[in-house]
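The values are calculated or read from the model by the stated rules, or taken from the named source; none is laboratory data. The structure presented is a predicted model; accordingly, all values stated were derived computationally and were not measured. Because the Cβ atoms are built from the backbone with ideal geometry, glycine has one as well, and the counts that use them run over all protein chains shown. Side chains included, ligands, DNA and RNA excluded: accessible areas come from the protein's heavy atoms. Shrake-Rupley method; radii C 1.70, N 1.55, O 1.52, S 1.80 Å.
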Amino acid sequence: MDILGDISGIRGTQLKELKDLTSLRTDRPELIHDDLLMGICRLTSLWNKEIALYINRSGMVIAVAIGQHAAVKLPPLPARQAGRLRCLHTHPSGNPQLSPMDLSALSSAGLESMSSIGVSNGQITGVEIAFSGDSDYQILALNPKEFVNFSYDGAVNDYRSRPASPSLKVSEQEKAFLVALEEEELGLELLTELTELAHSSGVEVVGQLLQPKRYGSPVSYLGKGKLQEMTQHLQNSGANVLICDDELLPVQLRTLEQATGVKVLDRTTLILDIFAQRAKSREGKLQVELAQLKHLLPRLTGQGLSLSRLGGGVGTRGPGESKLEMDKRRVRKKINLLENELGEIRKTRTTQRRQREKSGIPLIALVGYTNAGKTTFLQKAMEQTRSKGESVKGEDKLFATLDPIVRGIRLDQRTEILLSDTVGFIQKLPHQLLHAFLATLEEVQNADVLIHVLDASHPRALERADTVHKILEQLECHHKPRLTLLNKIDQLDHPSDLSRLAQELSHPIPMSLIANTSLTPVWNKVLELL
Ligand SMILES: Nc1nc2c(ncn2[C@@H]2O[C@H](COP(=O)(O)OP(=O)(O)OP(=O)(O)O)[C@@H](O)[C@H]2O)c(=O)[nH]1
Ligand SMILES: [Mg+2]
């Protein structure tokens, strides 16, 4: 059997010792053969490294790794077999406590149990064994004395026949720690947005940390000192997810994961996770899956490493959830398939669009930062003109709208327009994401006039307007006639800000969409621009 993981600097004779040990077969009632346990404890302290073993129901060791148990890539196993597999690993720190990462590995791999063995000076300090239930875990914590008389077989039977006791429950709620590199004084604002993104994906935020960009690292994202500081924060706050505000390089992702032992996500993965939860249409789902795979591809190292390292939860959700566990070759193949399928869907859309173009009805597209009020505008427009079609509703969350919507609006006896609402924009929108959503933005590209909805009450409204402008440039739509709806003026802190925005932006119309103001000034301007 090969020894997996980090074997650098380990003598061949010692490796052979470990190999020989793994041929020991564990008897039915035991968690692990005594000699095997003593051997791995000795080597753990000698190397100051974690040793992980996978043992099947017959007591045979089927995989062994040095470093982290997460480094073990199990061959694909039928669910029934995985459910009869136990993973044990040593903690050279002496702390026997199972980490959140251990627990998520237990459920993601569908194992029978996950055990951690605290080791200090080659001796056991304690053992924790977790069995996974439907939505929680049962954890047994044993001191060395209790462990001597412990029957694993008995515990398995016990746990199978007993409903989970509430006292043993561990919350599945993900707790995130946020980090960002700050350019100039922008940091807090970035983290406010990252916090909102985290909340949108259903994660609790338990702490945050900033570092000036010039001290950042191309290898570990944060500089060395900050990284240590953060590891400490992670432990103190009980965070089990680390979210970075930038798109991480593959090497940064790996380094951070190894240094912290928790799940690490970057901004793109988080945004994609939100998209994955919101996508409803077939096309939307395909687009999200495509963007996820494209983001994942360069981050797969070697063969077979998969998203399963994330152990479920935030960052792993998606239409292709199970399919995300693939090697590079298969990912590429899947990307091709998805692109073809999307191509087909787009053909249908092109036909529909041609028909619409023939009808000569002007197309007006709503654009703007996420949560600015685009959908609320469409909602009001439909209400005020009593338009037909399924109603829409604005929502106070990021990326509430994902699938494009077009509604016919009759302004008066003679004038009818089509109004389209689409996905919102955001700072640092990843390139491949924009690309994947190009089709969704087709309405924008084909529009005759754009209505830019801006939250004028936001402290950085002007920067947001700039972000929108830059994305429109990428879409080659920045020359289209455009008016700016300065929305949410009911929330303005400083009315003077409004005049500044009005000076900077094209055809400004101040408004409060929730105040039921008439949209007539907007329609007049649209007709003028057409
Ligand atoms: N105070 C205030 N809130 C508003 C106004 N207009 C919209 N909102 C609120 O802002 C939130 C976001 O509105 P949406 O219409 O969903 O925003 P959106 O631009 O479609 O957002 P995405 O679909 O996420 O891109 C909702 O809670 C609205 O009720 C306004 O004039 N004043
Ligand atoms: Mg919307």
**OP:** Read phi for every residue in the range 393-406 and hand back ³J(HN,Hα) as whole Hz from Karplus 6.51 cos²θ - 1.76 cosθ + 1.60, θ = phi - 60°, with x for Gly and Pro.
**Re:** 9, x, 9, 7, 8, 6, 6, 4, 9, 10, 7, x, 10, 10
Subject >> Beta bridge orientation in the range 360-529: antiparallel %, DSSP, nearest 5 >> reply: 25 percent
Original post:
Counting Lys and Arg as +1 and Asp and Glu as -1, each charge on the Cβ, what is the dipole of the range 1-132 about the Cα centre in debye, to the nearest 20?
Top reply: 280 debye
Subject >> Nonlocal amide H pairs with residue 427, under 5 Å, H built at 1.01 Å >> reply: none
Original post:
With a sphere of radius 14 Å drawn around the Cβ of residue 514, what net charge do the other residues whose Cβ falls strictly inside it have (Lys, Arg +1; Asp, Glu -1)?
Top reply: -1
Subject >> Extension gain, residue 237 back to residue 84 (0.36 nm per residue minus Cα-Cα distance, nm) >> reply: 51.7 nm
Original post:
Working out 0.36 nm times the residue gap between residue 24 and residue 213, then minus their Cα-Cα distance, what length gain in nm do you get to one decimal?
Top reply: 62.8 nm
Subject >> Tilt relative to the chain, helix 187-200 - C-alpha long axis, 0 to 90 degrees, to 10 >> reply: 80 degrees
Subject >> Within the chain, percent of DSSP bridges classed antiparallel, to nearest 5 >> reply: 40 percent
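May I ask what percent, to the nearest 5, of DSSP beta bridges between residues of the range 175-271 are antiparallel? Before the final figure, lay out each step's value.
Working: 1 of 17 bridges.
About 5 percent, rounded to the nearest 5.
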Original post:
From the Cα gyration tensor of the chain, with a ≥ b ≥ c the square roots of its eigenvalues, which class applies: rounded if a/c is under 1.5, or else prolate if a/b is larger than b/c, or else oblate?
Top reply: prolate
Original post:
Once the dipole of the range 360-529 is set up with Lys and Arg at +1 and Asp and Glu at -1 on Cβ about the Cα centre, which of 387, 372, 527 lies farthest towards its positive end?
Top reply: 387
**OP:** Pop a pseudo-label 7 angstrom from the Cα along the beta-carbon direction at both residue 504 and residue 297 and give the gap in nm to one decimal.
**Re:** 3.7 nm
Subject >> Most positive-pole-ward Cα, 489, 26, 510, against dipole of the chain from beta carbon charges >> reply: 26
**OP:** Subtract the Cα-Cα distance of residue 46 and residue 332 from 0.36 nm times their separation in residues, and report this length gain in nm to one decimal.
**Re:** 98.7 nm
Original post:
Which whole-number value in Å² is the accessible area per residue of the range 414-530, probe 1.4 Å?
Top reply: 45 Å²
**OP:** Whole number in Å², please: accessible area per residue of the range 199-286, 1.4 Å probe, ligands, DNA and RNA not counted.
**Re:** 42 Å²
Original post:
Computed FRET efficiency, Cβ-Cβ of residue 145 and residue 251, R0 60 Å: what is it to the nearest 0.05?
Top reply: 0.85
Subject >> Cα-centred dipole magnitude for the chain, charges only on beta-carbon of K, R (+1) and D, E (-1), debye, nearest 20 >> reply: 1600 debye
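May I ask you to order 401-414, 384-397 by the average number of other C-beta atoms within 10 Å around their residues, highest value first?
The densest-packed peptide leads the list: 401-414, 384-397.
Quickly estimate the mean residue ellipticity at 222 nm for the chain, helices only: each DSSP H run with n ≥ 4 gives -39500 (n - 2.57), and the total goes over all residues, rounded to 500.
-12000 deg cm²/dmol
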Subject >> Efficiency of FRET from Cβ geometry, residue 277 and residue 341, R₀ 22 Å, rounded to 0.05 >> reply: 0.55
Original post:
What size of dipole, in debye to the nearest 20, comes out for the range 396-503 about its Cα centre when the only charges are +1 on Lys and Arg C-beta atoms and -1 on Asp and Glu C-beta atoms?
Top reply: 100 debye
Subject >> Reciprocal of mean inverse Cα separation for the range 360-529 (Kirkwood radius, Å) >> reply: 16.0 Å
Original post:
Whose amide H sits under 5 Å from the amide H of residue 63, counting only residues 5 or more places off or on another chain, with H placed in the peptide plane?
Top reply: 54
Original post:
Which value, in Å² and to the nearest 10, is the accessible area of residue 27 when all protein chains are kept and the probe is 1.4 Å?
Top reply: 100 Å²
**OP:** Could you sort out which of 175/224; 263/334; 224/333; 334/388; 263/393 sit more than 29 Å apart by Cα distance in this structure?
**Re:** 224/333; 334/388; 263/393
Original post:
Ignoring ligands, DNA and RNA, what percent of the 1.4 Å accessible area of the chain is carbon and sulfur?
Top reply: 49 percent
Original post:
Ordered by residue, what ³J(HN,Hα) values in Hz, to whole numbers, does the range 203-216 give under the Karplus form 6.51 cos²θ - 1.76 cosθ + 1.60, where θ = phi - 60° and Gly and Pro are x?
Top reply: 9, 8, 9, 10, x, 8, 8, 10, 9, x, 4, 5, 8, x
Subject >> Whole-number Å³ per residue for the convex hull built on Cα positions in the range 1-132 >> reply: 96 Å³
